[in-house]
1. Find the Rg to Rh ratio for the range 73-154, where Rh is the Kirkwood radius over alpha-carbon pairs and Rg uses the same atoms.
2. Tell me the label-point distance for the pair residue 92, residue 135, using the 7 Å Cα-to-Cβ offset, in nm and rounded to one decimal.
3. Explain nothing, just compute: Karplus ³J(HN,Hα) = 6.51 cos²θ - 1.76 cosθ + 1.60, θ = phi - 60°, for every residue of the range 166-179 in order, whole Hz, x for Gly and Pro.
4. To the nearest 0.05, how large is the calculated FRET efficiency for residue 193 and residue 46 if R₀ is 45 Å and r is the Cβ-Cβ distance?
Amino acid sequence: MVSSVMMAWAFRVCVPHSHLTRNKRHSGPSLHVDNKWVSSSKEIITFRKALLNPITSFQFRRFVSLKGDLLENGVIFWQEVQKYKDMCHSHCDDDTLQNKITTIIKCFITSTIPPALQIDIPEEQAQKIVEQRKELGPYVFREAQMTIFALLFKFWPKFCEFRSNLVDEDVLALLETQRKMEKQRKAGIEEAIRKKSVASVKSFSTADGKTKSDLSSTPSFTGYGRQEPSNTNLVNLALPKKAAVCHSCPWSTLHCVLDGML
């Protein structure tokens, strides 16, 4: 059972203090204040249950994946930490617990796939986990899990609104359609950037080639200094002064509930 202390803590994590003092006489699962969703402990409990529900959590993962690159990883991280804590409470042996800790760290904290930190937590929290990885117990990932929970909870009301008039099958179908559209949009942006980059390189190469051609009839230059003309190029000194200077020379324009539950 969730302690009253943790319930109060969770409530304060997700609700600004000003909202608490302004609306302490109100009751009900949620209130709208200044167009912001103010949550009671009931919503927090509901959200936690949703993260533990295979169907709802999968839908929510797909939903938040459209909102940020690492948010879907956050859902999986929270779930894996919860499994680890269940293992602790089930009195698994130390080797099993240590293997689970190592797996979570390698997947989310020190990943070999860039970026190394695959979840949205502060660097100091990540470093603390790595430093304390040998300390077995249910609280190894406590701060990081609470950070992720609070972050994901911000998207919960939007998700509830999104699926309010949809059955489960339609939720996933619509989310997959949106994911494909978002993927195509990003691919289009990347392609436009690539084409612009190629065009810029070609334009520079053309201008550079013309410059080198123009320089063939002038005394040579290297770096920032001017070399003395060789005997074979002395004839160039007879050229008009205007033709002997190249202003287009390229060298001259040089990123639970929460603890009893979390």
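1. Result for the range 73-154 is an Rg/Rh of 0.94.
2. Reported label-point gap for residue 92 and residue 135 is 2.0 nm.
3. Each residue of the range 166-179 in turn: 10, 7, 3, 5, 6, 4, 5, 4, 5, 5, 5, 4, 5, 5 Hz.
4. About 0.60, to the nearest 0.05.
We did not get these values from a lab; they are worked out from the coordinates using the rules stated. Because the structure is predicted, anything quoted here is derived from the model rather than measured. Neighbour counts run over all protein chains shown; Cβ positions are idealised from the backbone, glycine included.
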